[in-house]
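Notes to accompany the following structure.
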Amino acid sequence: MIIGREKNRLYLKTTLDNGLRLITSTMPHSRSVSICVFLAVGSRYEAEAEAGISHFIEHLFFKGTPKRATSRDIAVAIEGVGGILNAATDRELTLYWCKVTPNHLPLALDVLADILLHSKLDPEEIERERNVIFEEIHAIKDSPYQQVGLLIDGLLWPDHPLGRDVAGNVESVSAITREMMVDFRANRYLPSNAVIAVAGDIQQEGVVDAVNEVFGGWNGQHQAAGYLAYEEGANPRLRVENRDTEQTHLCLALPGLPLKHPKRYTLDLMNTVLGEGMSSRLFVEIRDKLGLAYSIHSYTEHLYDTGALVISAGVEHDKLPVAVKAILKQLALLRESVSESELTKAKELSKGRLLLRMEDSRSVAGWIGGQEILTNEILSVDEVMSIVDAITAEQVAEIAQELLVEDRLRLAVVGPTKEGKKLEQLLRI
């Protein structure tokens, strides 16, 4: 049953004989238990002709199995005991998760195993859900805030799966057949390509037995195919979508760092200083002092072989050039210095929010399972906080000088503007 085991005071890692990895963590004071099933499946694993297939399959897994014939049967099984069942598809992983009270853990495992291993992929459901996904794609197009995010992805990772909408496009989704789905599932949905994480009020040995009972028969010993690597080239710097909107939405971005880069936590801390929270530099300067935006923030993305730093805001149409200049000024100032008091505040904000997340069983399961599927290494919260505590102001300034480089700037805009050339001329630090 078990071919490997790793245990420390924070989690127990068990590898079943079919290659499935199980990570468990006990939270004795919790009133819940969460199960997260992670698969190394996502949009970057898709060929252009099958763009959106990972997301399409994820939707269909909720549409019926021989045991639970309809989507309502699946939903009632979990909602009937007060639980939550959901899923999400991203670029580098797909997640199915369920949260229930501890006494309903066996039911939750059974439902997750049922939809993952026995979904019918019924032809009629495929056609119905195809139309639902079309509407999802249209809804994103109708949202300037979401659309500008897609545009900046295309500038950061042009002509690459990472730069596409995870949901695909109308043309690619229209062409996806049931046979394509069956083949994709057979080649990607493998126990060796998956991690199950369970956290909450549990007995770890009992969970191992329960998981093995429902997932132990999951077959598929061959290795899943890899993904298309990304190499940064001479990318275009600007993309403007001219449309009638109430606000002009912008994303200003630069390439960042991969997931396992040794300086990724330094970049994350720099981003906290720049644009996380109401005391960040961007919020204080752009909103509070200049009154240019109601909402402005920044975030980092870390992928296997690339990453990004993105600043997002919505502004009045005629204030777009002024806002871009003001944001670029903050990037320039960040390369100069970060005070010790500002650094301390950023560290405490980062650590505090991480600790608060860990009160929830869903977050703990996501923490241990997400790290395992993406990095094959699980850092504890204390280890990450120690890394953050050790970062110096000089290191933050160094990473800012290294990454905040003028010729790597990218700007995406959605709104009633035609001043493309003028905007590109503003991209100077």
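The values are calculated or read from the model by the stated rules, or taken from the named source; none is laboratory data. Everything quoted here is computed from the prediction, not taken from an experiment. Please note: Cβ atoms are built from the backbone with ideal geometry, for glycine as well, and neighbour counts cover all protein chains shown.
In segment 130-188, how many are part of a helix (DSSP H, G or I), more than 29 Å from TYR294 (Cα to Cα) and not small (Gly, Ala, Ser)?
Of the residues in segment 130-188, 20 are part of a helix (DSSP H, G or I), more than 29 Å from TYR294 (Cα to Cα) and not small (Gly, Ala, Ser).
Can you list residue pairs whose Cβ atoms sit under 7 Å apart, with the first residue in segment 186-204 being on the phi > 0 side of the Ramachandran plot and the second being hydroxyl-bearing (Ser, Thr, Tyr) and part of a strand (DSSP E or B)? Count only pairs 6 or more apart in sequence or on different chains.
From segment 186-204, the pairs are GLY200/SER34.
May I ask you to list pairs of residues, at least six apart or on different chains, whose Cβ atoms are under 8 Å apart, with the first in segment 151-170 being closer than 12 Å to GLU48 by Cα and modelled with pLDDT of 95 or more and the second being in a loop (DSSP other than H, G, I, E, B) and of a type in the set (Lys, Arg)?
Listed pairs, sorted by first residue: PRO161/ARG91; LEU162/ARG91; VAL166/ARG91.
Of the residues in segment 341-361, how many are outside any helix (DSSP H, G or I) and not charged (D, E, K, R)?
Residues meeting the conditions: 1.
Got a number for residues in segment 42-73 being part of a helix (DSSP H, G or I) and within 18 Å of MET180 (Cα to Cα)?
Adding up the residues that qualify gives 14.
Failed condition for VAL364, given (1) buried (at least 19 other Cβ atoms within 10 Å of the Cβ); (2) part of a helix (DSSP H, G or I); (3) aliphatic (A, V, I, L, M); (4) touching a Leu at 6+ places or on another chain (Cβ under 8 Å), with all others met?
(4)
Report yes if PRO255 is within 23 Å of the chain's Cα centre (by Cα), free of Cβ contacts under 8 Å to residues at least 12 places away in the same chain and within 30 Å of ILE378 (Cα to Cα), otherwise no.
no
Name every residue in segment 268-309 that is hydroxyl-bearing (Ser, Thr, Tyr), under 19 Å from GLU342 (Cα atoms) and more than 20 Å from the chain's Cα centre (by Cα), in order of residue number.
Matches in segment 268-309: SER279, SER280.
Taking the stated definitions as given, is LYS260 within 26 Å of ILE387 (Cα to Cα) and assigned by TED's automatic domain parsing to the domain that holds MET385?
yes
Condition first: free of Cβ contacts under 8 Å to residues at least 24 places away in the same chain and part of a helix (DSSP H, G or I). Now tell me which residues in segment 372-397 satisfy that.
Listed by number, the residues that qualify are ASP382, GLU383, SER386, ALA390, GLU394.
Out of (1) more than 23 Å from the chain's Cα centre (by Cα); (2) within 17 Å of ALA87 (Cα to Cα), what's the single condition that is false for ASP183?
With (1) more than 23 Å from the chain's Cα centre (by Cα); (2) within 17 Å of ALA87 (Cα to Cα) applied to ASP183, the lone miss is (2).
Which of the residues spanning segment 24-79 are within 22 Å of LEU117 (Cα to Cα) and of a type in the set (Gly, Ala, Ser)?
SER34, ALA40, GLY42, SER43, GLY52, SER54, GLY64, ALA69, SER71, ALA75, ALA77
So if I check each of ILE429, ILE373, ILE399, which one is modelled with pLDDT under 95 and either aliphatic (A, V, I, L, M) or surrounded by 14 or more Cβ atoms within 10 Å (Cβ to Cβ) (or both)?
Matching residue, one of ILE429, ILE373, ILE399: ILE429.
Mind checking whether some residue in segment 63-78 is at pLDDT 95 or above and on the phi > 0 side of the Ramachandran plot?
yes
Please indicate, with yes or no, whether at least one residue in segment 74-87 is within 30 Å of GLY307 (Cα to Cα), in contact (Cβ under 8 Å) with a residue 60 or more places away in the chain, touching a strand residue (DSSP E or B) at 6+ places or on another chain (Cβ under 9 Å) and surrounded by 14 or more Cβ atoms within 10 Å (Cβ to Cβ).
No; the residues of segment 74-87 include none that is within 30 Å of GLY307 (Cα to Cα), in contact (Cβ under 8 Å) with a residue 60 or more places away in the chain, touching a strand residue (DSSP E or B) at 6+ places or on another chain (Cβ under 9 Å) and surrounded by 14 or more Cβ atoms within 10 Å (Cβ to Cβ).
Return yes when LEU156 is closer than 27 Å to ARG410 by Cβ, in contact with a strand residue (DSSP E or B) (Cβ under 7 Å, 6 or more places away or on another chain) and not assigned by TED's automatic domain parsing to the domain that holds LEU309 and no when it is not.
When the stated conditions are applied, LEU156 passes them.
Of these, VAL76, VAL81, VAL111, which one is in a loop (DSSP other than H, G, I, E, B), assigned by TED's automatic domain parsing to the domain that holds HIS29 and of a type outside the set (D, E, K, R)?
VAL81
Please find, among VAL310, VAL338, the residue that is assigned to a strand (DSSP E or B), among the β-branched types (Val, Ile, Thr) and crowded, with 21+ Cβ neighbours inside 10 Å.
VAL310
Run down LEU252, LEU228, LEU257 and say which single residue is closer than 30 Å to GLU348 by Cβ, among the aliphatic types (A, V, I, L, M) and assigned to a loop (DSSP other than H, G, I, E, B).
LEU257
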